[in-house]
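Q: Have a look at this one.
The values are calculated or read from the model by the stated rules, or taken from the named source; none is laboratory data. On a predicted model such as this, the values are computed, not experimentally measured, just so you know. Cβ placement follows ideal geometry from the backbone for every residue including glycine, while neighbour counts extend to all protein chains displayed. The area values use the complete protein model at the heavy-atom level, side chains included, leaving out ligands, DNA and RNA. Shrake-Rupley method; radii C 1.70, N 1.55, O 1.52, S 1.80 Å.
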Amino acid sequence: MFVYMDHTATTPTSPEVLKAMMPYFGEKFGNPSSVYSFSRESRAAIEKAREQVASALNADPAEIYFTGSGTEADNWALKGTLAKAKSKGKNHLITTSIEHHAILHSAEFLEGYEGVDVTYLPVDSEGFVSVDDVKNAITDKTALVSVMFANNEVGTIEPVREIGALCRERKIPFHTDAVQAAAHLDIDVKAMNIDMLSMSAHKMYGPKGVGALYLRKGVFPENFMHGGAQERKHRASTENIAGIVGFGAAMEILKGRLQEDKAINSARRDRLIAGILERIPHAKLNGATGDKRLPNNINFSFIGVEGETLLLDLDAKGISASTGSACSSESLDPSHVLLSLGLKHEMAHGSLRFTIGRLTTDEHIDYVLDVLPEIVARRRAMSPLWEDYLKGENK
Ligand code: PLP
């Protein structure tokens, strides 16, 4: 059996999306910047996708700028905003310690290279940022607040609406990385007072290598990509038309099934969580529960075992899962997110993330519940760490 439980790393491009994209790899190859009528079809396709993406967020199409990825959208929001703020004497960025590396490494770059002051807000044991902490961190030098909508490792959904209201009141631009959230949650950029929002198509059954940055009318970071006049002079480079068309189609499909997917995923998520807690002793759920957790995220720590070992054992049984975020899985450092939640190194090392989605069935949940307890028990039986842990417990 092939059980794909890593939908947060990426999703398969859906057949309908692929179908919408295909003509733009073939006969509809015109460059949208050209003046002849043939290329106008490409331009029209991009504008349709812009409307599809905007409509899913309650944004205006003119507020959507396509990028090459979620990472690029994050880089643009942070570096572009801080570059612009410099002329106004503002050089302070507020973000959190659990952001994706696209944000954290951009913040570190700004700190090291541009002399920007960065406040990395802590989170509580479930991964929540406190709105009061955001409030208290604001100074008259603050140029931007960037707090992710939902965390990619543990699925915690942040109080974005409240942070948006606070930033609007204090007239500070607010950016949110919604790369994971946009695939699962209703987002209304107007009602939530969001000024900038990053997205990525491959997390929502669209193609890889295309993202978008929502920029509220009047909010303008400096350009990040310099060159031609594409994206209304704000993001140079010939457009990835097929990718953009796929993104638009994926978003429209997603919007139509969001509530249904949410209900199905949450029920399966909770069954898997309950089953693991019931069948595996000393299993610790990382992150929040219920509505405050992404409907597709299950993240556990199993004391006494290495997450990487579990991954290999699961892979041998046909199950694809993850430890930490996919992008950092080549590193053996414990996840910065789990450490921020207060987990000890040995617990952070023993973490495992299952992220379910359209490829998941009820049988897959049963199968994981069947094989995982045995795998954890076998690995624990060989583990000196587990022995030490038990000795400590029995003292
Ligand atoms: N932000 C978050 C929260 C993510 O989970 C990811 C990808 O895992 C990214 C940004 C980067 O997106 P992309 O893969 O499109 O560069």
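Q: Report, by residue number, each residue of segment 356-395 that is among the hydroxyl-bearing types (Ser, Thr, Tyr) and part of a helix (DSSP H, G or I).
A: Answer for segment 356-395, where residues must be among the hydroxyl-bearing types (Ser, Thr, Tyr) and part of a helix (DSSP H, G or I): Tyr367, Tyr389.
Q: Return the residues of segment 277-328 that are on the phi > 0 side of the Ramachandran plot and in contact (Cβ under 8 Å) with a residue 60 or more places away in the chain; say none if nothing qualifies.
A: Correct list: His282, Gly287, Gly304, Gly318, Gly324.
Q: Still on this model: Considering each of Ala77, Ala143, Ala85, Ala62 in turn, give the residue that is touching a residue at least 40 places away in the same chain (Cβ under 8 Å), away from the ligand (no atom under 16 Å from the Cβ), in a helix (DSSP H, G or I) and in contact with a strand residue (DSSP E or B) (Cβ under 8 Å, 6 or more places away or on another chain).
A: Step by step, each of Ala77, Ala143, Ala85, Ala62 is checked, and only Ala85 is touching a residue at least 40 places away in the same chain (Cβ under 8 Å), away from the ligand (no atom under 16 Å from the Cβ), in a helix (DSSP H, G or I) and in contact with a strand residue (DSSP E or B) (Cβ under 8 Å, 6 or more places away or on another chain).
Q: Would segment 256-276 turn up any residue that is within 16 Å of the ligand (Cβ to nearest atom), buried (at least 16 other Cβ atoms within 10 Å of the Cβ) and among the aliphatic types (A, V, I, L, M)?
A: no
Q: For segment 212-222, indicate whether the set of residues that are more than 16 Å from the ligand (Cβ to nearest atom), without any contact (Cβ under 8 Å) to a residue 60 or more places away in the chain and either part of a loop (DSSP other than H, G, I, E, B) or within 30 Å of Leu310 (Cβ to Cβ) (or both) is non-empty.
A: Within segment 212-222 (the criterion being more than 16 Å from the ligand (Cβ to nearest atom), without any contact (Cβ under 8 Å) to a residue 60 or more places away in the chain and either part of a loop (DSSP other than H, G, I, E, B) or within 30 Å of Leu310 (Cβ to Cβ) (or both)), the answer is yes, since at least one residue qualifies.
The rows are residues; the columns are (1) within 16 Å of the ligand (Cβ to nearest atom); (2) of a type in the set (Val, Ile, Thr); (3) farther than 18 Å from Arg379 by Cα; (4) at pLDDT below 95.
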{"residue": "Glu308", "(1), (2), (3), (4)": "no, no, no, yes"}
{"residue": "Leu311", "(1), (2), (3), (4)": "no, no, no, no"}
{"residue": "Asp315", "(1), (2), (3), (4)": "no, no, no, no"}
{"residue": "Ile319", "(1), (2), (3), (4)": "no, yes, no, no"}
{"residue": "Cys327", "(1), (2), (3), (4)": "yes, no, yes, yes"}
{"residue": "Val337", "(1), (2), (3), (4)": "yes, yes, yes, no"}
{"residue": "Leu352", "(1), (2), (3), (4)": "no, no, no, no"}
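Q: Which members of segment 76-107 meet the condition of being open to solvent by less than 20 Å² (accessible area, probe 1.4 Å) and polar (S, T, N, Q)?
A: Thr81, Thr95, Thr96, Ser106
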